[in-house]
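Heads up: the structure comes next, in structure tokens.
Rule-based calculations on the coordinates, nothing more; no lab input. Remember, it's a predicted structure, so these values are computed and weren't measured experimentally. In this analysis, Cβ positions are derived from the backbone assuming ideal geometry, glycine residues included, and neighbour counts consider all displayed protein chains.
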Amino acid sequence: MNGRRGGLLLGTDELEQALEPFFDGGWIAEVLHEVKSGKEATVFCCRADPARGRELIAAKVYRARRLFRNDTVYQEGRINGNARTRRAIAGKSSYGRGAHDDLWAATEFETLRRLHAAGADVPEPLTGTGDAFLMEFIGDADEPATPLYAARLTPQEAPALFARLIADVELWLRHDIVHADLSPFNILYRPGRLTVIDFPQAVDPRFNGQASALLARDLGHVCNYFRRLGINADADDLAAGMWARHLGTGFIGGRPPPDVDDEEDDDDEEKSDAPILVPTWLVPPAVRKRGRRRRR
Ligand SMILES: Nc1ncnc2c1ncn2[C@@H]1O[C@H](COP(=O)(O)OP(=O)(O)O)[C@@H](O)[C@H]1O
Ligand SMILES: [Mg+2]
């Protein structure tokens, strides 16, 4: 491949390599544009191969082999989840190809697969490798869906959207998933509906000791957003209620330990004095010293 595929000059060999299987597999015909490039992944809007019966496909390509974030909190109890993911990978040849150690793309793909099958409002996952995966594109080529933080909801539509979002969070919990990075940045808005994205750090509440705190934090971000639209709901009550319904006892709530990132900069009014809940033996000393909240 000479850099140009489907009309777009891709930036790096890494990116080309990541997308190659999707061209070869007859999934995408052209990369139309980059939607967003973040620290961990870049999302592209692609024109689907006509045989796929859809117009657009989103490709999420992870940066290969770099420290993603301090993932201690999210990896706790993952042994089980990763084993499951690995089995899923083993069962699907194209999915397993190129899988590497961190498996973030595979983990996110598997989470989306389970949630979409359960009827959650998430993009439909299509196919994936260890570095990248394809999913339903939310929006259209001219107008990708607006992240909720930038959307202009009317007070009229807010209550139904809020109720459905909370029901979705509970549906995820029923399927052993806590998003763990839920915020108006990871919720896409189209009139009358919300779609939640960005699940790589999701945790399994049965095996992760921070899960109830992460659930309460997720719901806190949602409740804060909707409060300005006149909806008054208590995130901790919501979290405790759904936890009791699906996990029984063991709700701790509180605040999860702050995220830290290797290349984090400082200016952070959000820097937290919250107790570090993660067992200290799980956190490398170097990280413990530099612990800071991560801004997204
Ligand atoms: N399925 C999708 N359809 C349309 N846009 C998407 C889709 N998935 C992600 N995006 C866009 O890409 C951005 C980054 O995706 P996200 O999964 O949140 O990754 P990260 O925040 O880790 O970079 C989102 O804010 C959204 O604008
Ligand atoms: Mg995001």
**OP:** Find all pairs meeting these conditions: Cβ atoms under 7 angstrom apart; at least six residues apart or on different chains; first residue within the stretch 31-54 and among the polar types (S, T, N, Q); second residue surrounded by 19 or more Cβ atoms within 10 Å (Cβ to Cβ).
**Re:** Thr42/Val61
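Sort out which residues of the stretch 187-244 are polar (S, T, N, Q) and surrounded by fewer than 19 Cβ atoms within 10 Å (Cβ to Cβ), and write them in order of number.
Filtering the stretch 187-244 for residues polar (S, T, N, Q) gives 195, 201, 208, 210, 212, 224, 232.
Across the stretch 187-244, the qualifying residues are Asn224, Asn232.
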**OP:** Filter the stretch 173-192 for residues that are within 16 Å of ligand 1 (Cβ to nearest atom), within 18 Å of the chain's Cα centre (by Cα) and touching a residue at least 40 places away in the same chain (Cβ under 8 Å) and give the result.
**Re:** Ile177, Ala180, Asp181, Leu182, Ser183, Pro184, Phe185, Ile187, Leu188, Tyr189
**OP:** Looking only at the stretch 23-48, count how many residues are of a type in the set (D, E, K, R) and within 16 Å of ligand 2 (Cβ to nearest atom).
**Re:** 4
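Taking the stretch 195-206, which residues are more than 13 Å from ligand 1 (Cβ to nearest atom) and either over 25 Å from Leu247 (Cα atoms) or in a loop (DSSP other than H, G, I, E, B) (or both)?
Asp204, Pro205, Arg206
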Original post:
Looking at (1) within 12 Å of ligand 1 (Cβ to nearest atom); (2) touching a helix residue (DSSP H, G or I) at 6+ places or on another chain (Cβ under 7 Å); (3) assigned to a loop (DSSP other than H, G, I, E, B), which is the only condition Val61 fails?
Top reply: (3)
**OP:** State all residues of the stretch 106-147 that are more than 10 Å from ligand 1 (Cβ to nearest atom) and part of a helix (DSSP H, G or I); if no residue qualifies, say none.
**Re:** Ala106, Thr107, Phe109, Glu110, Thr111, Arg113, Arg114, Leu115, His116, Ala117
